[in-house]
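Asks: Before we start, here is the structure in question, set down as structure tokens.
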Amino acid sequence: MGRTFIILLLLAVFFLSGTLYGMNQSSEVEEIDFAKENKVVNVDESSVPEDSEVIISQTATDDVMNMEENIHLTNNAASFLETSVQGFFEIVVGVLYQIAEIFF
């Protein structure tokens, strides 16, 4: 019973650490890909309507805002999971410590 419980706790710790590490890696990759997409393209101004620049900039701004919201949501979820697992671990350690105090 105890061995299984410890293994489950270790799996949760490794899963959460991998999630946090993966979030950092994916955000760096997204920033690099986004930087590559911002290329200057020469376009004949007579063939492009005047409003197109506004539409392009609004679309890019919306994409950046959606990406920031996703990162914010993921960080909040990871923070909540970290706090809940840490609190649960503290309770388990406290109970085991009280049991050890009874016998020693």
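The values are calculated or read from the model by the stated rules, or taken from the named source; none is laboratory data. A quick note: this is a predicted structure, and the numbers were derived from the prediction, not measured. Cβ atoms come from the backbone with ideal geometry, glycine included; neighbour counts cover every protein chain shown. To get the accessible areas, we keep the full protein, side chains included, count just its heavy atoms, and leave off ligands, DNA and RNA. Shrake-Rupley method; radii C 1.70, N 1.55, O 1.52, S 1.80 Å.
Asks: Could you rank T4, T74 by how accessible they are, 1.4 Å probe, largest area first?
Replies: T4, T74
Asks: Please work out how much length the chain gains when fully extended from M67 to Q25, using 0.36 nm per residue of separation minus the C-alpha to C-alpha distance, in nm with one decimal.
Replies: Contour length minus Cα-Cα distance gives 13.7 nm.
Asks: Just to check I understand the Karplus step: with θ = phi - 60° and J = 6.51 cos²θ - 1.76 cosθ + 1.60, what whole-Hz values come out for the stretch 74-84, glycine and proline as x?
Replies: My calculation for the stretch 74-84 gives 5, 5, 5, 5, 5, 5, 4, 5, 4, 5, 5 Hz in order.
Asks: I've got another one for you. In the neighborhood of V13, defined by Cβ-to-Cβ distances under 14 Å, what is the net charge if each Lys or Arg adds +1 and each Asp or Glu adds -1?
Replies: -2
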